[in-house]
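Here's the structure we're looking at; comments come further down.
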Amino acid sequence: MSGASGLIGPALVSALRAEGHEVIRLVRRHAEGADERGWDPASGVLDSAHLEGADAIVNLSGANLDQRWTERAKREILESRTMTTALLAATAAELQPRPSAFVCAGGAGVYGNRGDEILTEESEPGGGFLAEVMRETEAAAAPAREAGIRVVNFRQGIVLSRHGGALKRMLPFFRFGLGGPVGGGGQWWSWVSLADVVSAYQLVLASEVAGPINLAAPNPVTSRQFAKALGTALRRPALMPAPAFAVRLLFGEKGEEVLLFGQRALPARLVDAGFEFSAPTIDVALEQALAE
C-alpha cells in the first residue's frame, strides 16, 4: 500500500489486518518498521522485490490539494499521482506471478463542474485542472491493465472524518457559528463516510469489480444542505455564507474547483455490486464522523 499515512490509509490498514491480511506499506523515507519498504517514485525507484508475492496493490498516493495552486504546486499535485501510479503499474506488470488487483484512489473531480447533471461511471470526464489530474492518473495505470491485472479507479467524493480532510477544516468555523454555504450554495457536493470508504476498498479487493467506480454516498447534497446538516449536528447556526468572489479571492483556482465546482455523482457500480452504505445520508454520516 502506498500513501498509507494519509486520511484513508491508517483506517484501511487496520481493517485489512483485522481480516487477517498482511499489509506492507511503501514509504518515501527510510524504512524502519518490519511492515515498511522504501521507494522513491519521484526518481522512478521501486525494488520489484517489495511487490513480489502481493495479492493486490492499493495506491493512495497524492500530494495534498489543500495548498495554493501555484504552477509549482499544480505540477506536484499532478506528478505525485501520475508518477506513483505509473511506477506501481509498470512494476506490477513485470512480476511473476502478477498481483490480482491494482486499486487506485482518485476523485469525483474527474467530472469537472457539471451542475445538476446526475453522474455515473458511464458519464464522460469534464474540464478543469482536477479533471485533468484524475484523467491522467487513471491513464497511468495502463501497464497493469494491459498485463491483465484487474484495475479499479475509485472516484471518491469528500471523505468525511473529523480527523482530516475537508470536515476537519470546516469544524472550527461551524463550532463558532461562522459556517454556512459556499458561493450560491446550489453546487452539488458528493461525499462519503470514512467507514464506507474502507468498506468499499475491502469489497473491491475481495471481488472481481474493475474499472472506474464512484465512491460516493447515494444521496449527494448541495453546499447549502451540507452547511445546514453540519450546523444541526453541532447545534450551531450555519447562516454565514462564503461569497463566491471571496472564495476566488482567497483561494484562487483551488477555491473555484474544490469549493464552487459541483459533481452530483452516484455510486451505480457499487450498488450493482451489492454494497450497502453504513451512512447513506448526510445526517448519519456527520453523526458518525463526529463520534469517531
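For segment 48-63, enumerate the residues that are open to solvent by 50 Å² or more (accessible area, probe 1.4 Å) and in a loop (DSSP other than H, G, I, E, B). Correct list: GLU52, GLY53, ASP55. The requirement of being of a type in the set (A, V, I, L, M) and farther than 24 Å from ALA242 by Cβ is satisfied by ALA195. Scanning segment 18-39 for residues that are more than 18 Å from PRO99 (Cβ to Cβ) and basic (Lys, Arg) yields ARG28, ARG29.
Scanning segment 189-219 for residues that are among the aliphatic types (A, V, I, L, M), under 17 Å from GLY157 (Cα atoms) and touching a Lys or Arg at 6+ places or on another chain (Cβ under 6 Å) yields a count of 1. Does VAL221 meet the test of being open to solvent by 40 Å² or more (accessible area, probe 1.4 Å), under 14 Å from LEU160 (Cα atoms) and among the aliphatic types (A, V, I, L, M)? No: the conditions fail for VAL221.
The criterion of at least 3 residues that are in contact (Cβ under 8 Å) with a residue 40 or more places away in the chain, out of contact with any Gly (no Cβ under 6 Å at 6 or more places or on another chain) and closer than 24 Å to PRO125 by Cα is met by the following helices (runs of 4 or more DSSP H) wholly inside segment 220-282: 244-254, 268-272. Within segment 156-171, does at least one residue satisfy the condition of being in a helix (DSSP H, G or I), closer than 26 Å to VAL271 by Cα and open to solvent by 20 Å² or more (accessible area, probe 1.4 Å)? Yes.
Does LEU203 satisfy the condition of being open to solvent by less than 30 Å² (accessible area, probe 1.4 Å) and part of a helix (DSSP H, G or I)? Criteria not met by LEU203. Within segment 27-47, the presence of a residue that is open to solvent by 30 Å² or more (accessible area, probe 1.4 Å), among the hydroxyl-bearing types (Ser, Thr, Tyr) and in contact (Cβ under 8 Å) with a residue 24 or more places away in the chain is excluded. Output the residue which, of all residues in segment 258-287 that are of a type outside the set (A, V, I, L, M) and within 24 Å of ASN64 (Cα to Cα), is most open to solvent (accessible area, probe 1.4 Å). Step by step, filter segment 258-287, then rank; the result is ARG264.
Go through segment 64-96 and give me each residue that's assigned to a loop (DSSP other than H, G, I, E, B) and buried (at least 17 other Cβ atoms within 10 Å of the Cβ).
Selection gives LEU65, TRP69, LEU95.
Here ALA15 fulfils each of the conditions (1) surrounded by 15 or more Cβ atoms within 10 Å (Cβ to Cβ); (2) under 25 Å from PRO143 (Cβ atoms); (3) among the small types (Gly, Ala, Ser); (4) in contact (Cβ under 8 Å) with a residue 40 or more places away in the chain apart from (2).
Just to be sure before I move on: is GLY186 among the small types (Gly, Ala, Ser) and surrounded by fewer than 24 Cβ atoms within 10 Å (Cβ to Cβ) in the structure I sent?
yes
The values are calculated or read from the model by the stated rules, or taken from the named source; none is laboratory data. Note that the structure is predicted; figures quoted are calculated from it, not measured. Note: ideal-geometry Cβ built from the backbone for every residue, glycine included; neighbour counts use all protein chains shown. Each accessible area value is taken on the protein alone, full model and side chains, heavy atoms only, with ligands, DNA and RNA left out. Shrake-Rupley method; radii C 1.70, N 1.55, O 1.52, S 1.80 Å.
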